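Undergrad: Have a look at this one before I ask anything.
The values are calculated or read from the model by the stated rules, or taken from the named source; none is laboratory data. Quick caveat: nothing in here was measured; it's all calculated off a predicted structure. Please note: Cβ atoms are built from the backbone with ideal geometry, for glycine as well, and neighbour counts cover all protein chains shown.
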Amino acid sequence: MLKATGRAGQVQVSTIITLLLALILIFIGFSNGEHRSYFQKAVMICTQCIGLG
Amino acid sequence: MHSMHRPGLKIRFWSQIAATISSNAYLIGFKTGNIYTGVLKHGCVPTLNCYSCPAALFACPIGAMQVTVAGAGGLDLTALPTIGARLTAISTSLPLLVIGFLALIGSIVGRAACGWACPFGWFQELLNRIPTPKFNGPKVFKYLKYVILIVFVFLLPAFWLDEYDGGEPSFCKYICPAGTLEGGVPLAILQPSLRSQLGWLFTWKATLLGIILLAAVFIRRPFCRWVCPLGAFYGPFNRVSLFKIEFNKAGCIECGACSRACPVSLDVPREVDSAECLRCLECRDVCPKSLLKISTRASSACPELKQQ
């Protein structure tokens, strides 16, 4: 039972760490104004995307 | 034998339609030939959806990643005097917001966005319904999408610079068939001025799109399994995500119904919930023994403790 508990604990910790890390990255990225940089690209026709180059 | 199909199958179909329409609800763009330029494009959808589609309301996460990385072209860390300045420069050069957003989705539901919300994945599934002989293709191809994620989404936009030290979105430019289908083809039809400028690159991308769509008739979701960098990003999260699929192997009668239903041709008893699994739940819905179920890491973590 100890072994099972330990493995389960690892899985849960990895899930929580991943969730927290994701939230931290969102906060930093938003603080850096990253959304504004790709917004400028997204509101213009992307010539690369459509095959103009 | 009673019908093995449960409502889940239809729910997923309608979820795919709803996601496709809600991501591309600016329908007037198909009339005017112009793309949406409103505030919603500050946000990304969790799936591959070209922001140059005339109807797209949101940004594409893979496009946004490349734009951020490419915008940092020519970054010279040695020119920065302090460690703090260097760390700040690095953090503003990486697509942390998009990575965090995708990681949040992945941490909760793994690769489910691919199975439930991706317009291009759904289109491939529709093509695969055309009655023809079906094939699996070599399993080793699944590693290609990880190479594409690293090389075309990160390395080339960061290091393949033009004379002005600017990078470009290499995946969008050379590969993305969703961009060609949703952006390139409609805009080429709607804007004669653009159509007149199309050259070898459009020919290459249209050919690639044609190959992938033709392959999708015979092979289940070939782009998702072998090429999609977003699938490569989400895949590993299946190992740690809050929600997962549990399979009771002990009760399996090896009927093969689950593997036949899998939209990415997995050997379900051995590969369910692997990095290739789209979490679509088709397998759960057809299993005659109801051996597959959704659970959380927490609920299934300590069965022995639960029994006490």
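Undergrad: Does segment A:1-22 hold any residues that are more than 7 Å from chain B (Cβ to nearest Cβ) and modelled with pLDDT of 85 or more, and which are they?
TA: Of everything in segment A:1-22, those that are more than 7 Å from chain B (Cβ to nearest Cβ) and modelled with pLDDT of 85 or more turn out to be A:Val13, A:Ile16, A:Ile17, A:Leu20.
Undergrad: Name every residue in segment B:253-270 that is more than 17 Å from B:Pro222 (Cα to Cα) and crowded, with 20+ Cβ neighbours inside 10 Å, in order of residue number.
TA: B:Cys258, B:Val268
Undergrad: Keeping to segment B:21-59, report how many residues are facing another protein chain (nearest Cβ under 10 Å) and in a helix (DSSP H, G or I).
TA: Qualifying residue count, segment B:21-59: 4.
Undergrad: Given the criterion surrounded by 14 or more Cβ atoms within 10 Å (Cβ to Cβ) and within 13 Å of chain A (Cβ to nearest Cβ), identify the matching residue among B:Gly167, B:Gly199, B:Gly137.
TA: Values: B:Gly199 fails: surrounded by 14 or more Cβ atoms within 10 Å (Cβ to Cβ); B:Gly137 fails: within 13 Å of chain A (Cβ to nearest Cβ).
Only one candidate passes the filter, namely B:Gly167.
Undergrad: Next question. Might you let me know whether segment B:72-85 holds any residue that is buried (at least 18 other Cβ atoms within 10 Å of the Cβ), in a helix (DSSP H, G or I) and in contact (Cβ under 8 Å) with a residue 40 or more places away in the chain?
TA: no
Undergrad: Ok, one more. Only residues in segment A:3-24 that are closer than 26 Å to B:Phe233 by Cβ count as the first member; pair them with residues that are in a helix (DSSP H, G or I) and at pLDDT 95 or above, Cβ under 6 angstrom, at least 6 apart or cross-chain, and list the lot.
TA: The qualifying pairs are A:Thr18/B:Ser107; A:Leu19/B:Ser107; A:Ala22/B:Gly100; A:Ala22/B:Ala103; A:Ala22/B:Leu104; A:Ala22/B:Ser107.
Undergrad: Let me ask you something else. Among the residues of segment A:17-36, write down those that are crowded, with 20+ Cβ neighbours inside 10 Å and either small (Gly, Ala, Ser) or farther than 12 Å from B:Gly43 by Cβ (or both).
TA: A:Thr18, A:Ala22, A:Leu25, A:Gly29
Undergrad: Say whether the condition of being part of a loop (DSSP other than H, G, I, E, B), of a type outside the set (Val, Ile, Thr) and free of Cβ contacts under 8 Å to residues at least 60 places away in the same chain is met by at least one residue in segment B:121-132.
TA: Yes, segment B:121-132 contains at least one residue that is part of a loop (DSSP other than H, G, I, E, B), of a type outside the set (Val, Ile, Thr) and free of Cβ contacts under 8 Å to residues at least 60 places away in the same chain.
Undergrad: List every residue pair whose Cβ atoms sit under 6 Å apart, with the two residues 6 or more apart in sequence or on different chains, where the first one lies in segment B:254-281 and is at positive phi and the second, anywhere, is modelled with pLDDT under 95 and of a type in the set (S, T, N, Q).
TA: Short answer, once both residue conditions are applied: B:Ser265/B:Asn136.
Undergrad: Looking at (1) at pLDDT 90 or above; (2) out of contact with any strand residue (DSSP E or B) (no Cβ under 7 Å at 6 or more places or on another chain); (3) part of a helix (DSSP H, G or I), which is the one condition that is false for B:Lys10?
TA: Evaluating B:Lys10 over (1) at pLDDT 90 or above; (2) out of contact with any strand residue (DSSP E or B) (no Cβ under 7 Å at 6 or more places or on another chain); (3) part of a helix (DSSP H, G or I) leaves (1) as the failure.
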